[in-house]
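Notes follow the structure.
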Amino acid sequence: VNLNNGIVNWEKEIIAIGTPIVEGKHIFFVTDNGYFVIMQKDTGNLIFSTNILKILKKKKRKGKITGFIMGSGKIYAVTTNGYLIVSSATSGKVEYFKKVKEPIFSSPVISNGKLFVLTENSKIIGFN
């Protein structure tokens, strides 16, 4: 939406998890079925889309993305079956993944350069 006149610039129907992240000229979001997507903010054109769950073995891909956050040029996504998946915010390439011992149902949080996740059993896990 153009904030000066209220006119809709473009519109797309997308099923995304949580709130999209707007940074510079881009919109970043993750879908529940594992796609990390970047679109142009002004036009809505797709820059790229990649399935970040493909890094996991086939039977482990059954989990859904439950939240994500962006920090230090990376997207940190968490899943219902307890994975933290770290991707480059510019290329979408998965750089790292880790199995957390419990399911995660909320978005991660970044504070003072550290990443925190809250597990299903109310445990907070911190990562450097």
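Scanning the range 101-117 for residues that are part of a loop (DSSP other than H, G, I, E, B) and either touching a residue at least 40 places away in the same chain (Cβ under 8 Å) or more than 14 Å from the chain's Cα centre (by Cα) (or both) turns up K101, E102, P103, S106, S107, P108, N112, G113.
Taking the conditions exactly as written (open to solvent by less than 30 Å² (accessible area, probe 1.4 Å), under 28 Å from N2 (Cα atoms) and under 13 Å from the mean Cα position of the chain (by Cα)), does A89 satisfy them or not? Spelling it out, A89 is indeed open to solvent by less than 30 Å² (accessible area, probe 1.4 Å), under 28 Å from N2 (Cα atoms) and under 13 Å from the mean Cα position of the chain (by Cα). Could you please let me know if K57 is touching a strand residue (DSSP E or B) at 6+ places or on another chain (Cβ under 9 Å), open to solvent by 70 Å² or more (accessible area, probe 1.4 Å) and basic (K, R)? The answer is no for K57.
Conditions (1) in a strand (DSSP E or B); (2) hydroxyl-bearing (S, T, Y), marked per residue:
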{"site": "N9", "(1), (2)": "no, no"}
{"site": "V22", "(1), (2)": "yes, no"}
{"site": "M39", "(1), (2)": "yes, no"}
{"site": "T43", "(1), (2)": "no, yes"}
{"site": "T50", "(1), (2)": "yes, yes"}
{"site": "R61", "(1), (2)": "no, no"}
{"site": "F68", "(1), (2)": "yes, no"}
{"site": "Y76", "(1), (2)": "yes, yes"}
{"site": "L84", "(1), (2)": "yes, no"}
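Pairing each residue of the range 1-27 that is open to solvent by less than 60 Å² (accessible area, probe 1.4 Å) with any residue that is of a type in the set (D, E, K, R), provided the two are 6+ apart or on different chains, yields C-beta distances under 6 Å for I17/D32; I27/K41.
Among the conditions (1) open to solvent by 80 Å² or more (accessible area, probe 1.4 Å); (2) out of contact with any Leu (no Cβ under 8 Å at 6 or more places or on another chain); (3) in contact (Cβ under 8 Å) with a residue 12 or more places away in the chain, the only one that K98 does not satisfy is (2).
The values are calculated or read from the model by the stated rules, or taken from the named source; none is laboratory data. These figures come from a predicted structure and were not determined experimentally. Cβ atoms come from the backbone with ideal geometry, glycine included; neighbour counts cover every protein chain shown. In case anyone asks, the SASA skips ligands and DNA or RNA and just uses the protein heavy atoms, side chains included. Shrake-Rupley method; radii C 1.70, N 1.55, O 1.52, S 1.80 Å.
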